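Below is one structure, written out as structure tokens; comments come after it.
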Amino acid sequence: MAETVQKHPEAKPGEVFLKNCNRDEPDIYADIPYKTKRTGKNAYDRDYNVIPNCFPVFVWEMEHDRRTTKVKIGA
């Protein structure tokens, strides 16, 4: 799949773009463990061209940060 955008025009305030999903593979979206996930309408590549048959997934920034923050032990 083409490289995707980091900032997505459909993201609402307080949300981050997580990934694009293929419309033909609904289980991929269903398996995303974020409670705050939601879908958008248009998936874009890094040049903002629409990626056919895909949709973007967004999550709340707060939940994303909690899941991706690593704790350093002994630092």
Inset, instruction - Between beta-carbons, use under 9 Å as the cut-off and find the net charge around VAL57, counting Lys and Arg +1, Asp and Glu -1. - result: +3
Inset, instruction - Taking the dipole about the Cα centre of the chain, with the C-beta of Lys and Arg at +1 and of Asp and Glu at -1, give me whichever of THR69, TYR48, ILE28 is farthest to the positive side. - result: THR69
Legend entry - Per-residue ³J(HN,Hα) for region 38-48, Karplus 6.51 cos²θ - 1.76 cosθ + 1.60, θ = phi - 60°, Hz, x for Gly and Pro: 8, 9, x, 9, 10, 8, 10, 8, 5, 9, 6
Legend entry - Residue-averaged [θ]222 nm for the chain, counting only DSSP H segments that reach four residues, each worth -39500 (n - 2.57): -4000 deg cm²/dmol
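Report, as a whole number in µm² per second, the diffusion coefficient that Stokes-Einstein gives for the chain at 20 °C and 1.002 mPa s using the Kirkwood radius over alpha carbon pairs. Before the final figure, lay out each step's value.
Values: Rh = 13.2 Å.
In µm²/s, the coefficient rounds to 162.
Each value in this text was obtained by applying a stated rule to the coordinates, not by laboratory testing. Here the structure is a predicted model, which means the values were calculated and not measured. Note that each Cβ is placed from the backbone with ideal geometry, even for glycine, and that neighbours are counted across all protein chains shown.
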